[in-house]
1. LEU95 - would you say it is surrounded by 17 or more Cβ atoms within 10 Å (Cβ to Cβ) and either at pLDDT below 95 or not hydroxyl-bearing (Ser, Thr, Tyr) (or both)?
2. Of the residues LEU30, LEU106, LEU71, only one is in a helix (DSSP H, G or I), more than 9 Å from the ligand (Cβ to nearest atom) and over 20 Å from ARG132 (Cα atoms); which?
3. Among the residues of segment 13-27, what is the count of those that are of a type outside the set (Gly, Ala, Ser), within 11 Å of the ligand (Cβ to nearest atom) and either closer than 17 Å to ASP127 by Cβ or in a loop (DSSP other than H, G, I, E, B) (or both)?
4. Residues of segment 42-78 being open to solvent by less than 50 Å² (accessible area, probe 1.4 Å) and under 20 Å from CYS115 (Cα atoms), which ones?
5. Considering each of ARG116, ARG130 in turn, give the residue that is within 19 Å of ALA15 (Cβ to Cβ), in contact (Cβ under 8 Å) with a residue 60 or more places away in the chain and either open to solvent by 10 Å² or more (accessible area, probe 1.4 Å) or among the hydrophobic types (A, V, I, L, M, F, W, C) (or both).
6. Checking ALA29 against (1) closer than 30 Å to GLU140 by Cβ; (2) touching a Leu at 6+ places or on another chain (Cβ under 9 Å), only one condition comes out false. Which one?
7. Restricting attention to segment 23-39, which residues are among the charged types (D, E, K, R) and surrounded by fewer than 17 Cβ atoms within 10 Å (Cβ to Cβ)?
8. Starting from segment 1-22, take each residue that is on the phi < 0 side of the Ramachandran plot and open to solvent by less than 10 Å² (accessible area, probe 1.4 Å) and list its partners that are part of a helix (DSSP H, G or I) and among the small types (Gly, Ala, Ser), counting only C-beta distances under 6 angstrom and pairs at least six apart or across chains.
Amino acid sequence: MQMIPVECVVRNIAAGGLVKRLGVEEGIALTPPTFELFLKNDEKGDPMINESLAETFGWATPEQLAKMKVLTFKVNHILKALFAEGDMLLVDYKLEFGVFKGEVVLGDEFSPDGCRLWDANTREKLDKDRFRQGLGGVIEAYEEVGRRLGITFPA
Ligand code: TYD
């Protein structure tokens, strides 16, 4: 698969970069959910881009971006419900895509490293923010996410 160097971010609840950038309150519901694009470029710190820039610089075609948007929201629909069953809120997440046999398909991984998950009742953070914010209990939180999804771990 040929990876497309554009990351797609959907947000259901305000947190992280959005709160920093716009000064909105963390935790507010985003209706409808937002869709953002970032360039995969570690040197530049994965800057935010838009469809026009992606087309002009050849990072992705408008057709590819349209497909990526549809698939990213489809994933939102499925994963929001999946995590809700485990009493978790899918706050936001990042997806990456690639081209395989001429088709845009989902690539990369999905884990609490690339999404935000909160306990639905207490809003306790169960994702990488535990590490980013020095909250501790990172491994325990990831295991808790797994347990709530019905995944068992070796002792
Ligand atoms: P965002 O809030 O924009 O950035 P940060 O995590 O630095 O505060 O990220 C939104 C979601 O997308 C978040 O769950 C983390 C994920 N994400 C990545 O995993 N890698 C990335 O390069 C980007 C831009 C986002």
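1. Working: surrounded by 17 or more Cβ atoms within 10 Å (Cβ to Cβ): yes; either at pLDDT below 95 or not hydroxyl-bearing (Ser, Thr, Tyr) (or both): yes.
Against the criterion (surrounded by 17 or more Cβ atoms within 10 Å (Cβ to Cβ) and either at pLDDT below 95 or not hydroxyl-bearing (Ser, Thr, Tyr) (or both)), LEU95 qualifies.
2. Working: LEU30 fails: in a helix (DSSP H, G or I); LEU106 fails: in a helix (DSSP H, G or I).
Being in a helix (DSSP H, G or I), more than 9 Å from the ligand (Cβ to nearest atom) and over 20 Å from ARG132 (Cα atoms) holds for just one of LEU30, LEU106, LEU71, which is LEU71.
3. Selection size over segment 13-27: 5.
4. Restricting attention to segment 42-78, the residues satisfying the condition of being open to solvent by less than 50 Å² (accessible area, probe 1.4 Å) are 46-47, 49, 54, 60, 64-65, 68, 71-72, 75-76.
ASP46, PRO47, ILE49, MET68, LEU71, THR72, VAL75, ASN76, listed by residue number.
5. Numbers: ARG130 fails: in contact (Cβ under 8 Å) with a residue 60 or more places away in the chain.
Only one candidate passes the filter, namely ARG116.
6. (2)
7. Taking segment 23-39 first, the residues among the charged types (D, E, K, R) are 25-26, 36.
Correct list: GLU25, GLU26.
8. Between residues of segment 1-22 that are on the phi < 0 side of the Ramachandran plot and open to solvent by less than 10 Å² (accessible area, probe 1.4 Å) and residues that are part of a helix (DSSP H, G or I) and among the small types (Gly, Ala, Ser), the close pairs are VAL6/ALA54.
The values are calculated or read from the model by the stated rules, or taken from the named source; none is laboratory data. Treat the numbers as computed from the prediction; the structure is a model and nothing was measured. Neighbour counts run over all protein chains shown; Cβ positions are idealised from the backbone, glycine included. Ligands, DNA and RNA are excluded from the accessible area calculation, which covers all protein heavy atoms including side chains. Shrake-Rupley method; radii C 1.70, N 1.55, O 1.52, S 1.80 Å.
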